Structures are given as C-alpha cells and as structure tokens.
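See structure below.
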Amino acid sequence: MESRTHAADATPGDTVTVAGWVHEIRDLGGIAFLIVRDSSGKIQVKFEKDEMDDDLVETGLDVQRESVVTVTGAVEEEERAPTGVEIVPDEIEVLSAADPELPLDPSGKVDAELPTRLDNRTLDLRKEEVKAIFEIRAEILRSVREAFRSLGCTEINTPKIVATGTEGGTELFPITYFGREAFMNQSPQLFKQLMVGSGLERVFEIGPIFRAEEHNTPRHLNEATSIDFESAFIDESGAMDACEEVVVSAYEGVAENCQEELEALGLAEEFTVPERDFPRLTYQEAIERINATGELDEQLVWGDDLPTEGERALGDDVGQHYFITEWPSEIKPFYIKDNEDDDELSTGFDMMHPSMELVSGGQREHRYDHLVEGFEQQGLDPEQFDYYTKMFKYGMPPHAGWGLGGERLVMTMLGLDNIREAVLFPRDRQRLSP
Ligand code: ATP
Ligand code: AMO
C-alpha cells in the first residue's frame with residue numbers, strides 16, 4: 001500500500017490516506033461518522049451530508065461494517081472525536097466489501113463462544129484484547145530468544161518427522177513417510193542432547209511438539225510450542241538457574257514493551273514480574289505439603305505423580321513460581337540421570353506456576369552403559385535409538401536442560417482460562433481445522 005498513514009499517526013493539518021476496516025457506522029442524520037480501525041488504532045471520519053459530494057457521502061454511508069476501505073482527507077482537531085482528531089474525507093474507496101452477516105462481532109458488543117471465535121480467528125483478532133494476547137506472545141518469544149542468546153545459546157531446529165519416539169512409543173501421531181512408518185515428534189529431547197555433544201555445546205529450540213494424548217483439558221494441546229534448552233557442562237541446578245532467567249526475562253519483556261496490550265487485557269495494574277530465586281522444594285517436601293493441605297481425598301505416597309488438585313493445592317500454598325526437585329527415578333524418563341548418592345532419587349525437576357506445571361528438565365545420563373540400561377529398564381529397544389546412543393560412545397559431556405510449554409507460559413502470565421486462547425489455530429481432539 002503506497003504512502004498510507006496509520007490511524008494513530010494522523011496529525012491535524014495533514015492530508016492523509018488511512019487504510020483499514022470499518023469498525024462502526026454512526027448515522028445521526030445530517031452528520032454521520034465512520035470509525036476506521038487499523039493495527040495502530042482507530043480514527044473517526046466525518047460525513048456532513050449537506051456539505052459534501054453526494055457520491056462520497058453515499059459510498060461512505062453504504063459501506064458495511066468490517067469492510068476494508070481507504071479514506072483520504074484532511075485531519076482536523078475535534079475534541080468530541082474518540083481520539084481528538086477526525087478525517088474530513090475527499091475520497092473513500094471500498095477495497096473489500098464485507099458481508100452484512102458477520103459470524104462474530106469484532107466490536108465485542110456481542111460475545112461469541114470460543115469455538116465460534118476459533119473458527120473465525122481473522123475476525124476474532126480484530127478485537128483489541130484478543131490481538132493483545134498474540135502481540136504479547138510474540139514479545140515473550142522475542143525476550144526468550146534474547147535471554148537464550150545472552151546465556152550463550154545457539155538456536156537450532158530439529159526434525160519434526162521422526163522414525164522413533166522420543167520418550168517411548170506411546171502418545172505419538174503415526175504418519176506414513178514414503179511407505180514407511182514415521183511419527184510426528186513429541187519433543188526435541190534426543191536431538192538437542194546430540195547437539196550438546198557437538199561443537200555447539202549450548203543450544204535452544206522453539207518449535208512445535210505433537211502429542212496424541214487424549215486429554216481434553218484447558219491446559220493440554222495436541223500441537224504445542226516447546227521452548228527447549230540444553231547445555232553441556234552444567235548440572236540440574238545450572239539448568240534451573242537458566243530456566244528462571246528465561247521465564248523472568250519473558251515477564252520483563254512484556255512489562256517493558258507491552259503496556260498497551262496489558263491495558264487492553266485489563267492487566268496493566270496487576271501485572272508483576274516474578275522475583276528471581278524461585279523456591280526449590282524436593283519432591284518429598286512437595287508431597288508432605290500437599291498432604292498437609294488436606295485437599296486430597298487420599299494421601300500421596302512416595303512414587304505417586306502429583307495429581308492436578310495436588311499441584312493446585314501446593315501452588316496456593318507456595319503462592320509463586322517454584323521448582324520441585326529430586327523426583328523419584330522411577331517416574332522420570334530414561335535420559336534423566338539418577339542422584340549420585342541415591343539411585344532412588346533423580347536429578348529431574350519441574351518448574352511450576354502456582355496453577356500448573358510449566359517446565360520439566362534435569363541432568364542427563366551421559367554415560368553410554370547407564371543410558372542403554374535405562375532404555376531397557378523403560379522397556380524400550382536401544383537398537384531403535386542407535387542413532388542417539390551411539391553418539392554417547394564418542395565423547396558426550398555431562399549436560400542438563402529442560403522444556404518449557406510456550407502456550408502455558410502465555411496462559412499463566414495472562415491468567416487465560418483456556419490454553420486455546422494462547423494459540424491462533426489450536427489442535428485438540430475435536431479441532432483439526434482451521
Ligand atoms: P442533525 O441536525 O441532523 O442532528 P448536525 O449536523 O446538526 O445533524 P450536530 O448537532 O453537529 O449534527 O451533532 C449531532 C451529534 O453529533 C451531537 O451529539 C454532537 O455532539 C455530535 N457531533 C457533532 N460533530 C461531532 C464530531 N466531529 N465528533 C463527534 N461527535 C460529533
Ligand atoms: P514434558 O513432557 O514435561 O517434558 O514437556 C515439557 C513442557 O511442555 C509443556 N507441554 C504441553 N503443553 C501443552 N499441551 C501439551 N500436550 C503439553 N505437553 C507438554 C508443559 C511441560 O512442562 N523432553 C522433556 C523436557 C526436558 O527434559 O528437557 C519434555 O518434553 O509445559
């Protein structure tokens with residue numbers, strides 16, 4: 001579009017061409033107004049029926065809401081206009097006329113259910129508060145990348161079509177790859193580990209993960225964005241430090257650069273950046289504290305996974321982001337290293353928002369014999385993972401890392417009640433299109 005002016009930049013005295021969507025039409029009789037909206041904001045266009053060219057007035061007033069138009073005219077100060085200025089048009093062109101029957105109302109006056117909104121994301125994201133989520137999501141990813149770069153990480157991209165699963169044969173989407181069985185990858189786990197043994201040493205990846213879990217919950221997706229970190233020569237404690245740094249940086253980026261978006265979401269007042277030094281509770285302490293809340297019908301015992309209500313009860317008790325460390329080895333995957341002094345304990349950790357798990361990670365088993373043993377213990381055939389295990393024979397440094405659910409970070413940061421709100425086109429059990 002040549003030489004258009006954004007609505008927010010229209011200055012009294014200028015002649016501008018603004019391009020955007022017809023947000024609202026107010027016809028008061030002798031005078032009528034179009035409110036035109038673009039990505040920068042809105043501007044009023046005034047039609048004085050008796051004083052303007054009939055064709056111009058007719059075009060302006062016949063246009064349907066949400067049509068795309070360009071308006072050329074002089075910008076004037078007008079204190080009664082919503083933004084204090086208005087355009088007195090010389091020309092209006094309808095670039096794309098909208099159907100009068102809209103599947104949802106972008107002005108937000110009429111509420112729409114989530115499925116209708118997801119079916120019509122184009123219209124849904126014309127709403128300021130919905131657009132704000134995705135502007136913030138983009139800022140989170142920007143800040144996260146920057147934090148990784150300052151931690152000395154190299155960004156990598158690993159395959160999403162794989163021959164074998166990452167963490168076991170379950171919960172994968174099978175596909176056909178030139179007549180062979182293949183899968184959509186559920187985590188870059190094995191690939192990122194292979195790269196810490198390469199000359200890169202410290203890597204991160206932001207990419208899709210696919211999980212055929214049958215969940216139908218407000219916090220699970222079948223296609224999610226995983227933010228992965230892996231580094232040579234650090235232990236689980238170093239990995240937790242990096243995790244805290246990345247998560248806090250994401251909050252800082254949003255606090256610094258997304259004030260308008262936070263306002264659109266009604267969060268500007270309450271938004272706070274979490275303090276560093278998240279408490280680190282052992283798994284043992286975690287189950288004791290959950291049991292002490294009395295929120296669960298049955299007491300948790302060593303070896304239990306934490307049920308959702310348990311996570312919630314503990315989150316309410318702790319009241320901030322926190323880590324759970326020293327998980328039982330038996331409930332952590334084969335690639336997580338056992339504690340040096342007690343092989344019942346692992347170096348695995350989770351990082352929790354008070355409302356849910358955000359991150360899993362740990363120190364990795366880098367010793368070839370132990371790794372192969374781990375595969376067997378988990379009932380996996382190490383042969384199938386030969387491409388991975390073999391590299392542990394040629395100099396694999398001690399290393400640690402973690403995976404953070406991108407949508408869960410957005411969701412918990414903004415207090416969204418459904419993870420689907422944080423994805424443009426979510427994939428869940430029912431939803432494969434759009
Ligand atoms: P009519 O006599 O047919 O109502 P008019 O041209 O006399 O039309 P006004 O009396 O100027 O219209 O305004 C009608 C309404 O529109 C009033 O409530 C006025 O405050 C409001 N209004 C007028 N001009 C503007 C403007 N530029 N921006 C916002 N509101 C305006
Ligand atoms: P895990 O399976 O715990 O660990 O996944 C890491 C994080 O990814 C997010 N997540 C999901 N988000 C939405 N929908 C899902 N279905 C979903 N599944 C996972 C969560 C979770 O905490 N390889 C390890 C990571 C590592 O050790 O480095 C892994 O994938 O926020």
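All of the numbers you see were taken from the coordinates with simple rules; none came from a lab. For clarity, every value in this text was computed on a predicted model and none was experimentally measured. Ideal geometry is used to build each Cβ from the backbone, glycine not excepted, and the neighbour counts take in all protein chains shown.
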| note | Ranked by GNM mean-square fluctuation in the chain (Cα springs under 10 Å), the top entry among P218, P328, P188 is P218
| message | Which residue, P279, G199, I227, has the largest displacement toward the positive end of the dipole of the chain when charges sit on each Cβ (Lys, Arg +1; Asp, Glu -1)? | response | G199
| Considering only T158, A81, G403, whose Cα is most displaced toward the positive end of the charge dipole of the chain, charges sitting on Cβ of Lys, Arg (+1) and Asp, Glu (-1)? | T158
| remark: Checking the range 326-396 for GluC sites (Glu not before Pro) in a loop per DSSP with at most 14 other beta-carbon atoms within 10 Å yields E340, E344
| said: Given the options G13, T59, S40, identify the residue whose Cα lies farthest towards the positive end of the charge dipole of the range 7-96 (+1 on Cβ of Lys, Arg; -1 on Cβ of Asp, Glu). | reply: S40
| note | Helix 283-293: inclination vs the chain longest Cα principal axis, degrees, rounded to 10, gives 60 degrees
| said: Could you work out [θ]222 nm for the chain from helices alone, using -39500 (n - 2.57) per DSSP H run of at least four and dividing by all its residues? Round to the nearest 500 deg cm²/dmol. | reply: -8500 deg cm²/dmol
| message | Between D27 and K160, what is 0.36 nm times their sequence separation minus the Cα-Cα distance? Round to one decimal in nm. | response | 42.5 nm
| Which part of the range 256-298 falls in the paramagnetic zone of D316, meaning amide N under 17 Å from the point 7 Å along Cα-to-beta-carbon? | 287-298
| message | Taking the 0 to 90 degree range and rounding to the nearest ten, how far is the long axis of helix 308-318 tilted relative to the main principal axis of the chain, both from C-alpha atoms? | response | 80 degrees
| Scanning the chain for chymotrypsin sites (Phe, Trp or Tyr not before Pro) in DSSP loops with at most 13 other Cβ atoms within 10 Å, what's the longest stretch left with none? | 1-177
| In terms of Cα to Cα distance under 18 Å, which lysines are near enough to K390, apart from those fewer than 8 places away along the same chain? | K192, K337
| request: About the Cα centre of the range 1-110, how large is the charge dipole given +1 on each Lys and Arg Cβ and -1 on each Asp and Glu Cβ? Please answer in debye to the nearest 20. | output: 560 debye
| message | If I build a Gaussian network model for the chain, linking alpha-carbon pairs within less than 10 angstrom, which residue out of T154, T217, T225 has the largest mean-square fluctuation? | response | T217
| Among the DSSP beta bridges whose two residues both lie in the chain, what percent are antiparallel, rounded to the nearest 5? | 90 percent
| said: Report the gain in length on full extension from E77 to E344: 0.36 nm times residue separation, minus Cα-Cα distance, nm rounded to one decimal. | reply: 88.8 nm
| query | Say each of Q64 and Q378 gets a label point 7 Å from the Cα, pointing the same way as Cα to Cβ; how far apart are those two points in nm? | reply | 5.5 nm
